[in-house]
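If you scroll down you'll find the structure; I have some questions about it.
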Amino acid sequence: MTAHPSQGPVSQNKLVRWIDHRLPVFTMLKSELEEYPTPRNLNYFWNFGSLAGVVLVIMIASGIFLAMNYTPNADLAFSSVERIVRDVNYGWLLRYIHMNGASMFFIVVYIHIFRGLYYGSYKAPRELLWMLGVVILLLMMATAFMGYVLPWGQMSFWGATVITNLFSAIPKVGNYIVTLLWGGFAVDNPTLNRFFALHYLLPFVICAVVALHLVALHQHGSNNPLGIDKKGPQDWIPFHPYYTVKDAFGLSVFLLFYCFLIFFDPNFFGSPDNYIPANPLSTPASIEPEWYFLPFYAILRSLPDKLAGVLAMFGAIAVLFVLPWLDTSPVRSGKFRPKFRIFFWLLLIDAVILGVVGAHKPEGWWVLIGRLATAWYFFHFIIVLPILGKLERPLPLPTSIAQAVLKGGAATVAAGARMEKP
């Protein structure tokens, strides 16, 4: 990464300079958030990393206030959530911010992941950066699942029962794992207490992994749409004010959608069954997880054997850890890989199909579609990417970021001049 020397003192304020001389936090912030050299051609898909950080802060802040009024007891949990909505000042707002924040968090992170897949952000020297991102995804899934159980409605209770029972498929130790998760021999009060404690703890673990993710990012700098490294000062610009303004605009657009969901349709992603208190004697007609788990749920159900389904579900995440070594192409960005682009869009369509399959009962044509979509998912990563990297002939890369940016600008100016001619 090209270093950018600090321009003058960190501040004219004597107190700030006194603190910074003893604890250089302001120097670090100036270096990493203001002067940090960033590729000059980043598009709006690079906003989603900072958006994920903003949503994480919102989720932690709203979760802390909700925890002040929540009662992790099987007899009182459901009524305590209703009390938060009905009686606590602005409790309804806090709950809807937190509840819909989970969906917005996954939307942002999934877009962030697919952007990385398209532009090859997982390739050397950013393998650990990518792997830490996959760890964050796993922690998010665990946190979201445990949080979904806390309202203790019908879907919460039966979702916890079904998902935790999956571990019983593991030979020899499966039943011990289930008993440990439950804190007994059924989903009950100890289960709720365990999930509440872990749901409160895991976001701070996510923060720690995010910090490592950022350290790994700043070690070699951000990838860019061209997928080529910075070769000199002409290829980068300071992060502030160029990308802080761009991130602020992206955040404003994001908050419009987020607020629309909170104020006009807060239960859009929710299940009506979760407004019914948990009843161990009454099974809902259809038990399905939240939408962001549906593709993995479809993979789980696509195989007739329970253990094979569990292994396939976890394998769908595990394959992402080894992705940097499965893709054998020396070119990072999909912009210069015409055949790769076709398979990328097929993968995206496949993920959507898996989500749709997960929302339907495993019967009729949905079973066949789910199995075909599952097979294609693994086929893409394990077969297509290694072979495609050997056979594909990518387009020629530009010599530098600046050359491509200035060439594009010149083309735009020339096109405008042609349009202005009588």
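Among the residues in segment 194-204, are any under 18 Å from residue 281 (Cα atoms), among the hydroxyl-bearing types (Ser, Thr, Tyr) and out of contact with any Leu (no Cβ under 7 Å at 6 or more places or on another chain)?
No, segment 194-204 contains no residue that is under 18 Å from residue 281 (Cα atoms), among the hydroxyl-bearing types (Ser, Thr, Tyr) and out of contact with any Leu (no Cβ under 7 Å at 6 or more places or on another chain).
Looking at 166, 192, which is the one that is hydrophobic (A, V, I, L, M, F, W, C), at pLDDT below 95 and closer than 30 Å to residue 305 by Cα?
After applying the criteria, what remains is 166.
For segment 133-176, enumerate the residues that are over 14 Å from the mean Cα position of the chain (by Cα), crowded, with 22+ Cβ neighbours inside 10 Å and over 28 Å from residue 85 (Cβ atoms).
none
Another one. Which condition number in (1) part of a loop (DSSP other than H, G, I, E, B); (2) of a type in the set (A, V, I, L, M, F, W, C); (3) exposed (fewer than 13 other Cβ atoms within 10 Å of the Cβ) is the one that residue 245 fails?
Residue 245 satisfies all of (1) part of a loop (DSSP other than H, G, I, E, B); (2) of a type in the set (A, V, I, L, M, F, W, C); (3) exposed (fewer than 13 other Cβ atoms within 10 Å of the Cβ) except (1).
Oh, and also: Can you name every residue in segment 227-250 that is over 22 Å from residue 51 (Cβ atoms) and in contact with a Leu (Cβ under 7 Å, 6 or more places away or on another chain)?
Across segment 227-250, the qualifying residue is only 228.
Select from segment 38-78 the residues that are in a helix (DSSP H, G or I) and free of Cβ contacts under 8 Å to residues at least 24 places away in the same chain and write down the one among them that is nearest to residue 208 (Cα to Cα).
Once the filter is applied, the top-ranked residue is 57.
For the list (1) charged (D, E, K, R); (2) in contact with a Phe, Trp or Tyr (Cβ under 7 Å, 6 or more places away or on another chain); (3) in a helix (DSSP H, G or I), I need the number of the one condition that residue 335 fails.
Result: residue 335 passes all but (2).
The values are calculated or read from the model by the stated rules, or taken from the named source; none is laboratory data. No experiment lies behind these values; they were computed from the predicted model shown. Note that each Cβ is placed from the backbone with ideal geometry, even for glycine, and that neighbours are counted across all protein chains shown.
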